[in-house]
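Here's the structure, in C-alpha cells; my notes come after.
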Amino acid sequence: MPPISLAEPTGRYLAFEEREEIAILRAMNKGVREIARALGRDPGTISRELRRNAATRSGKQEYRATVAQWKAQQAAKRPKTAKLTGNDRLREYVQDRLAGSVRRPDNTIVPGPRTPAWKGLNKPHRQDRRWATAWSPEQISHRLHADFPDDESMRISHEAI
C-alpha cells in the first residue's frame with residue numbers, strides 16, 4: 001500500500017495536522033462548532049470531514065486522522081482518462097487546429113480564424129509565423145459545436161485542450 005502523502009495542501013483543503021487535531025478534539029467529546037473555532041474553520045467543513053472521512057470498519061463512526069487523510073486522497077484522484085486520450089477523432093481534430101494544418105478534401109489549407117493586425121514596431125512579419133495560423137483552444141472548443149452539432153462525444157472545454 002502506498003504511504004499517505006503529508007504534503008502541505010492549499011488553504012482550501014484540510015492538512016494532516018488539522019485532521020490530527022480534529023481526531024484529538026473529537027476524542028475529548030468536543031462538538032463540531034467547538035472544533036471549528038479551535039481550528040479557525042467553518043463548522044460545515046468540520047461536519048463534512050467527520051461524515052465523509054470517518055473510519056467505519058469497526059461498525060461505528062470513529063474519526064482517525066490517518067484514515068481520513070487516506071480517504072481524502074483517494075477521493076481527490078481523477079480515475080477517468082483524459083478526453084483527448086480516449087477519443088482519437090477528437091484528438092486529431094484538436095491537434096490539426098492547434099498546428100494550423102487543417103486541409104479541405106481538395107488538399108487546400110483552411111485558414112485559421114482571422115488574427116488581429118499586429119501593431120508592434122519592430123516585428124512586422126509576425127502574421128507569417130505558424131502560431132498566427134493556428135487556432136486557439138477557445139476557438140476550437142466553440143467550433144466543435146458548429147462542426148458536430150449532434151455528436152456529444154466531440155465536445156471538450158478549452159481548459160482541457
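For the reader, a short list of remarks on this structure follows.
- At most 10 other Cβ within 10 Å, DSSP loop - trypsin sites (Lys or Arg not before Pro), the range 36-70: ARG57, LYS60
- The spacing between the range 80-102 and the range 58-79, judged by their C-alpha centroids, is 36 Å.
Throughout, read-outs are computed from the coordinates displayed, never taken from laboratory work. Here the structure is a predicted model, which means the values were calculated and not measured. Reconstructed Cβ throughout: ideal geometry from the backbone, glycine too, with neighbour counts over all protein chains shown.
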